[in-house]
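The block underneath contains the structure these notes are about, expressed in structure tokens.
What follows is calculated from the coordinates using simple rules that are stated; it is not laboratory data. What you are looking at is a predicted structure, and each value in this text was computed from that prediction instead of being measured. A quick note on method: Cβ atoms are made from the backbone with ideal geometry, for glycine too, and the neighbour counts reach across all protein chains shown.
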Amino acid sequence: MLSNKTILVTGGTGSFGNAFVPMTLAAYNPKKIIILSRDEMKQWEMAKKFEGDDRVRFFIGDVRDKDRLYRAMDNVDFVVHAAATKIVPTAEYNPFECVKTNINGAMNVIDACIDKGVKRVVALSTDKASSPVNLYGATKLASDKLFVAGNSYSGGDGTRFAVVRYGNVMGSRGSVIPFFMSIKDKGVLPITDPRMTRFMISLKEAVQLVWHTFDDMVGGEIYVKKIPSMKVTDLARVVAPDAEQQVIGIRAGEKLHEQMISTEDAPYTYEYPEHFKILPNINGWSTCALRIKDGTKVPDGFVYASDNNPEWMSDAQLQAWIEINREKIGTV
């Protein structure tokens, strides 16, 4: 699917892009991977990792700038849309900026991809887009719906759009594991609520889900990876077994438990061995056999949330992951 193709990654200097690029170069040998982002320092740092590999190109730009997107997408075959304003408290206190990037930026990406003849687009979403309670989640829900509806705008033989949705990316910059590791020597870890649970996914799994989506998508599907949950208190205990856990209260816009499939999504959701697919409830696409393939309909009232998840990450599994990835945690 991706071999000898040109791929563009918006927000490509983030955690996802730093995993996607080397994995995709090794697995598919694409013709070119273009990293579009607005941070020249992150591009400079990332470029050093791929020095001498002319398959990797860097393009300064912002998804808010439609003209720049049109230039970036010349002769591009596939797009991964990873650019977003995603820190929950930041979005709560800077709502206009969050909307400009996550909603207006999504519309710009959709228009540019259709007009430039991009074949397939996968947009990265979040568990916070399901029944959102914060602005970040609300903007990503809007973005998801825009990408789903983009298939109507592009026509039967035009650009295909799909979405992937997953939870806390383990070890990514700004996430809870590197945060706890950075302060564990102080002897106290802040816990917002001892009941809190989160979905856990590795960057490798996130990249593999995008690969699968490119290969499987018809257009309009939201792919939800099956991943384990973990209590935040258990995570803290693994990272710093001797540290005190101090309850500080839930922050603005924060949920006690995260959700990736709501009961309202259940009538259009199908289950597969390693993931779920939420089919679009427009144009009769939710009953399309090409989209359903060999999926099994989930029961009425089904909810996929971090507290009712049948799969839980053990202390030993998390400790093993930390030992293997210790040098990379928090660096990408």
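Laid out as a table, the results:
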quantity: ³J(HN,Hα) computed for each position of segment 284-296 - Karplus, 6.51 cos²θ - 1.76 cosθ + 1.60, integer Hz, glycine/proline x; calculated: x, 5, 6, 10, 6, 4, 5, 7, 6, 6, 9, x, 10
quantity: Compactness of segment 142-201 as Cα Rg over 2.2 N^0.38 Å, two decimals; calculated: 1.82
quantity: Rounded to whole Hz, the Karplus (6.51, -1.76, 1.60) HN-Hα couplings of segment 255-268, x for glycine and proline; calculated: 9, 6, 10, 8, 9, 10, 9, 8, 5, 6, 7, 3, x, 10
quantity: Structure-based [θ]222 nm, the chain - -39500 (n - 2.57) summed over DSSP H runs of at least 4, per residue, nearest 500; calculated: -10500 deg cm²/dmol
quantity: Model label zone, LYS66; criterion: amide N under 17 Å from point 7 Å along Cα-to-beta-carbon; scope segment 93-137; calculated: 100-118
quantity: Spin-label model distance (nm) - GLU264 vs SER152, 7 Å beyond Cα toward Cβ; calculated: 1.7 nm
quantity: Alpha-carbon centroids, segment 214-248 and segment 133-147: separation in whole Å; calculated: 20 Å
quantity: Simple label model, 7 Å out from Cα along Cβ direction - LYS297 to ALA27, nm; calculated: 3.2 nm
quantity: Dipole magnitude of the chain, debye to nearest 20 (Cβ charges: Lys/Arg +1, Asp/Glu -1, about Cα centre); calculated: 560 debye
quantity: Cα shape, segment 121-173, gyration tensor, a/c 1.5 rule; calculated: oblate
quantity: Integer Hz, Karplus 6.51/-1.76/1.60 couplings in order for segment 218-225, x for Gly and Pro; calculated: 9, x, x, 6, 10, 8, 10, 6
quantity: For a label point 7 Å along the Cα-to-beta-carbon line of ILE282, residues of segment 108-149 with backbone N under 12 Å; calculated: 142-149
quantity: Within segment 295-312: backbone nitrogen closer than 16 Å to the ASP234 label point (7 Å, Cα to C-beta); calculated: 305-312
quantity: Residue pairs, from the table LYS255/LYS297; LYS48/LYS293; LYS5/LYS328; LYS32/LYS231, whose Cα atoms sit over 31 Å apart; calculated: LYS48/LYS293; LYS32/LYS231
quantity: 5 angstrom amide H check on LYS5, placed H, neighbours 5+ away; calculated: LYS31, LYS32
quantity: Whether segment 189-332 is rounded, prolate or oblate, judged on the alpha carbon gyration tensor where a/c under 1.5 counts as rounded; calculated: prolate
quantity: Compactness relative to 2.2 N^0.38 Å, alpha carbon Rg of the chain; calculated: 0.97
quantity: Positive-end extreme of charge dipole, segment 1-46 - chosen from ASN18, ASN29, MET46 (charges on Cβ); calculated: ASN29
quantity: Whole-Å distance, taken between Cα centres, linking segment 87-117 and segment 298-326; calculated: 30 Å
quantity: For LYS297, distant residues with modelled amide H under 5 Å away; calculated: GLU271
